[in-house]
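Q: Input: one structure, supplied below.
The values are calculated or read from the model by the stated rules, or taken from the named source; none is laboratory data. None of the values given here were measured: they were computed from a predicted structure. Counting neighbours? That spans all protein chains shown, and the Cβs are built from the backbone with ideal geometry, glycine included. The protein model used for the area step is the full one, side chains on, heavy atoms only, and it has no ligands, DNA or RNA in it. Shrake-Rupley method; radii C 1.70, N 1.55, O 1.52, S 1.80 Å.
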Amino acid sequence: MLGLKLPTASASSPSFPRNTLNSTPAFLSNNFFSPICINVKPLKPKSKSYSTSLVKASLQWNRKPQLAGETPRVVVITSGKGGVGKTTTTANIGLSLARLDFSVVAIDADVGLRNLDLLLGLENRVNYTVIEVLNGDCRLDQALVRDKRWSNFELLCISKPRSKLPIGFGGKALVWLVDALKSRQEGSPDFILIDCPAGIDAGFITAITPANEAVLVTTPDITSLRDADRVTGLLECDGIRDIKMIVNRVRTDMIKGEDMMSVLDVQEMLGLPLLGVIPDDAEVIRSTNRGYPLVLNKPPTLAGLAFEQAAWRLVEQDSMQAVMVEEEPKRGFFSFLGWS
Amino acid sequence: MGSATIWGLRFEWISVEDKSCIHNFVSGSSSGRRISQFRRRNEMSTRCDASRQHLWLKPKFLEATAIYVREPREQHYYETYSWFAKIHEVVRSPLPFLTNSSPSKFGILLCVAIVVLVTAVRAFVVRKSRYKRPGSVADLVRRGQLRYDSRGISKPLKYDDPFNNPLVKVSNSKSTVEMCGKLYRLAPVTLTEEQQAIHQRRRSRAYRWKRPTMFLKEGDSLPPDVDPDSIRWIPANHPFATTAADIDENLAQTNVYQKRGVPSRIQAEHEALHRKLEALENEQTLNRLTIDPTNGQDFESPLKSHINSNAQAEKRSINNQVSDPDKVESSSASEEKPGL
């Protein structure tokens, strides 16, 4: 169950409300899948007999999302509840952004319980952390771990496992870090993604301190939604107004059987624009254990594609205009007779 | 192997025809005597070639030979040839056209095709077994131990647009989308800006929060001139609270902003060590004649000094125990003295 863009107030779909969240940028044309006006002929999805070589030729690196907002965009990825997929989202969106040729620094702000390095497969390369930088044991550039797969992606861990951050230092330290990254010799990164720890304790306060915008990760269950609503309230009180949500672990079969809230139900409860909808996928566990993010999988998985779409929307500061709510029943041989 | 056998067969056929001309002899003559003479003359060579003759001799020829055999000695040859005939019946050539005097073009082409096919299959099997070899690079990549993206053998993804690629197909009516082979129904997002504003107002009423700027351990005294709302009380066993901030805030900020050179703490330690060495050298120049062994103790690790101090303490205690009887004696003597 993934979300897609729909044309704003499309003439072809009169059922769409006129006053939906139309934060769509001006470049969004009537063309359903070509928000940037580059001379690319859109594929005709119905035609099964299109040439694969033509597809490769027309799609290879000729479309990129248009970066909106001032750089560096400091995005905190948070949720009230633990285990909803904050770190997975950070890893996959970070690497998707790096694949789209944006420079990204991912900060694991989970003090003492960091996991982002494991998801990225960089656990053996983390020698220095922010604690060492603060202590003067190393410089900031030495603590940044550059990913060899995508060299414009860097990881920065706040602390080593089981180590502690001095009280009251966290928020200030992250602000200093962001300032120092802005004034780097090789240029400011386009995105600084902060992986927030669970809860609303000191770790949460530390993580949200330098952020300008937030991505709220939630699952379609009531415990997660209550925490997400609380966290959204705290973020809004802190002055972070640009909050979008990612609904993770969505199961269309359960939604169809009315055993799970639909994405539209979740949106109705939280009142937040949708950045992405990630389907429940066994590949997520596999990729986590391998330390190889989903978005690098070949062939791409359903969840990986959804993360890539979310990353694209994040770059353009866009939100979803349509969601895929259920599986269409497959048409049988006698469907023309009215039988399914 | 198959090709070798086929070509081997063909070679035998040609060579026998050129060498002995048995075929011509039998067909051109009707005298059994001549056959026997010929066989006597070429007894050795026939015996040597006996193992080969089953490859080209026809059963008809062998039967014809048997008719002309009259002499008892020739009976042996008859039996030999009948034996060959039996073998030939058993091992009949799978390609009878090869035994013809003039092989057809079709046969040759079929042989060539078979050879090419067998070679291709063999190459394919060898290549496949190479990938399955445990411990090979390909195997490591397959198991996820090696990252093929970092080894220069990766292929770029076939698309760069998550909304428009061979895995994401949208119907012309834009009501359905097929992703990774599954068909989904699209439903428009119905969240309006008014609804979003209502949710924001609700949250601002429900969650009144101010980001804490000061973190205090539970039990600490409230500093003067501090807004109590800006204080975050942290449990005494919290990781933040149990860490002593032994580093100066200004120094930490300087460390974060440091772009090049030796990190401050490393530099400070190095300078301290250098100063200590200089001091030692100065002392040694003053006391050239005598070397004070206690100076070296400064460089010993605290653990070692701790062990030494323990050892010294033990020695002292032993000495005390050893010297105790004297002391007791002396004390008793001293005690006794006044009595005397």
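Q: Tell me yes or no: at least one residue of region B:219-235 is touching an Asp or Glu at 6+ places or on another chain (Cβ under 8 Å), under 23 Å from A:Asp227 (Cβ atoms) and more than 7 Å from chain A (Cβ to nearest Cβ). Talk me through it step by step, then tell me what you get.
A: To start, the set of residues in region B:219-235 that are touching an Asp or Glu at 6+ places or on another chain (Cβ under 8 Å) comprises B:233-235.
In the following step, the residues that additionally are under 23 Å from A:Asp227 (Cβ atoms) were identified as B:233-235.
Next, from what is left, pick out any that are more than 7 Å from chain A (Cβ to nearest Cβ): B:233, B:235.
Checking region B:219-235: at least one residue is touching an Asp or Glu at 6+ places or on another chain (Cβ under 8 Å), under 23 Å from A:Asp227 (Cβ atoms) and more than 7 Å from chain A (Cβ to nearest Cβ).
Q: For region A:98-124, enumerate the residues that are assigned to a loop (DSSP other than H, G, I, E, B) and in contact with a Pro (Cβ under 9 Å, 6 or more places away or on another chain).
A: Within region A:98-124, A:Leu100, A:Phe102, A:Ser103, A:Ala109, A:Asp110, A:Val111, A:Gly112, A:Leu113, A:Arg114, A:Gly121 meet the criteria.
Q: Something else now. Given the criteria open to solvent by 90 Å² or more (accessible area, probe 1.4 Å) and either modelled with pLDDT under 85 or not in a loop (DSSP other than H, G, I, E, B) (or both), does B:Gln284 qualify?
A: Answer is yes for this residue.
Q: Do any residues in region B:248-275 that are closer than 11 Å to A:Gly136 by Cβ and at the interface with chain A (Cβ under 10 Å from one of its Cβ atoms) have Cβ atoms under 7 Å from those of residues that are of a type outside the set (Ser, Thr, Tyr) and surrounded by fewer than 17 Cβ atoms within 10 Å (Cβ to Cβ), where the two are at least six apart or on different chains, and which pairs are they?
A: Listed by first residue and then by second, the contacts come to B:Ser264/B:Leu251.
Q: So which of B:Leu167, B:Leu183 ends up being at pLDDT 80 or above and within 30 Å of A:Trp150 (Cβ to Cβ)?
A: Being at pLDDT 80 or above and within 30 Å of A:Trp150 (Cβ to Cβ) holds for just one of B:Leu167, B:Leu183, which is B:Leu167.
Q: Go through region A:128-146 and give me each residue that's within 24 Å of B:Asn250 (Cα to Cα), more than 11 Å from chain B (Cβ to nearest Cβ) and open to solvent by 10 Å² or more (accessible area, probe 1.4 Å).
A: A:Leu144
Q: Considering B:Tyr184, B:Tyr207, which residue is under 42 Å from the mean Cα position of the chain (by Cα), at the interface with chain A (Cβ under 7 Å from one of its Cβ atoms) and among the aromatic types (Phe, Trp, Tyr)? Give the derivation first.
A: Details: B:Tyr207 fails: under 42 Å from the mean Cα position of the chain (by Cα).
The conditions single out B:Tyr184.
Q: Name every residue in region A:270-285 that is more than 9 Å from chain B (Cβ to nearest Cβ) and assigned to a helix (DSSP H, G or I), in order of residue number.
A: Scanning region A:270-285 gives A:Ala282, A:Glu283, A:Val284, A:Ile285.
Q: When you go through A:Leu67, A:Leu100 one by one, which is the residue that is touching a helix residue (DSSP H, G or I) at 6+ places or on another chain (Cβ under 8 Å), open to solvent by 10 Å² or more (accessible area, probe 1.4 Å) and under 14 Å from B:Asp161 (Cα atoms)?
A: It is A:Leu100.
Q: Is it true that some residue in region A:287-294 is hydroxyl-bearing (Ser, Thr, Tyr) and facing another protein chain (nearest Cβ under 9 Å)?
A: yes
Q: Regarding B:Ser173, is this residue among the hydroxyl-bearing types (Ser, Thr, Tyr) and part of a loop (DSSP other than H, G, I, E, B)?
A: Spelling it out, B:Ser173 is indeed among the hydroxyl-bearing types (Ser, Thr, Tyr) and part of a loop (DSSP other than H, G, I, E, B).
Q: Within the group A:Val175, A:Val130, which residue is among the β-branched types (Val, Ile, Thr), within 30 Å of B:Arg232 (Cβ to Cβ) and out of contact with any strand residue (DSSP E or B) (no Cβ under 9 Å at 6 or more places or on another chain)?
A: Selected residue: A:Val175, the only one of A:Val175, A:Val130 that is among the β-branched types (Val, Ile, Thr), within 30 Å of B:Arg232 (Cβ to Cβ) and out of contact with any strand residue (DSSP E or B) (no Cβ under 9 Å at 6 or more places or on another chain).
Q: Regarding region A:203-217, can at least one residue be identified that is farther than 22 Å from A:Trp312 by Cβ, without any contact (Cβ under 8 Å) to a residue 40 or more places away in the chain and out of contact with any helix residue (DSSP H, G or I) (no Cβ under 7 Å at 6 or more places or on another chain)?
A: Restricting attention to region A:203-217, the residues satisfying the condition of being farther than 22 Å from A:Trp312 by Cβ are A:203-210.
With without any contact (Cβ under 8 Å) to a residue 40 or more places away in the chain added as a condition, the list becomes A:205, A:209.
Those left that are additionally out of contact with any helix residue (DSSP H, G or I) (no Cβ under 7 Å at 6 or more places or on another chain): none.
No, region A:203-217 has no match at all.
Q: Could you please find all residues in region B:178-212 being among the charged types (D, E, K, R) and open to solvent by less than 40 Å² (accessible area, probe 1.4 Å)? Step through it out loud before you land on a result.
A: To start, the set of residues in region B:178-212 that are among the charged types (D, E, K, R) comprises B:178, B:182, B:185, B:193-194, B:201-203, B:205, B:208, B:210-211.
B:Arg203, the sole residue that qualifies.
Q: Restricting the search to region A:229-256, which residues are open to solvent by less than 10 Å² (accessible area, probe 1.4 Å) and in a helix (DSSP H, G or I)?
A: Result: A:Val231, A:Thr232, A:Gly233, A:Leu234, A:Leu235.
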